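Quick notes on the structure that follows.
Every number here is computed from the coordinates shown, using simple stated rules; none is lab data. Everything numeric in this text was worked out from a predicted model, so none of it was measured. Cβ placement follows ideal geometry from the backbone for every residue including glycine, while neighbour counts extend to all protein chains displayed.
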Amino acid sequence: MLFGRSSIKQYNPKKLIKRGYKFWVLYDRSRFVKKFEIYQGKTEEINNKYANYTLGARIVLQRTEQEWHKNKVIYFDNYFNDIDLLERLKLEGTLACGTIRKYRGEVPKNIASDKNL
């Protein structure tokens, strides 16, 4: 195992291994990688274009722009998902599916619990 310092390592307190690299990958259903990027911190290009969205939503919107209005479904996990992202993708003619954290601010409080679904 190699040890060293890197300015692009990210800290994530919820992971077993707290420090590591974030990779943004867009792939199709045959697992062919269409876009791949190592996250290096904030970039002005993403922040200016989708300034009103969370980091996860900005990543999804930027990576999927070329897929909009093509009757495709985008899948992602709870790190990326929020109500604003789902509304924007619907506006752009793209379906989306993913888990969502129930404690996010904009999620309705009257959603049934996992046990009752």
Excluding residues on the same chain fewer than 8 positions from K102, give the aspartates and glutamates whose Cα lies under 19 Å from its Cα. D77, D82, D84, E87, D114
For the peptides 78-86, 19-27, 62-70, what is the packing order when you average, over each peptide's residues, the other Cβ atoms within 10 Å and list the highest mean first? 78-86, 62-70, 19-27
Computed [θ] at 222 nm, deg cm²/dmol, the chain (DSSP H ≥ 4; -39,500 (n - 2.57); rounded to nearest 500): -6000 deg cm²/dmol
Distance violations [Cα-Cα > 25 Å] among K22/K49; K49/K72; K9/K35; K22/K90: K22/K90
Just to confirm the number: angle between the C-alpha axis of helix 55-64 and the first principal axis of the chain, 0 to 90 degrees, nearest 10? 80 degrees
Point-charge dipole on Cβ atoms (K/R +1, D/E -1) for the range 10-107, about Cα centre, debye to 20: 480 debye
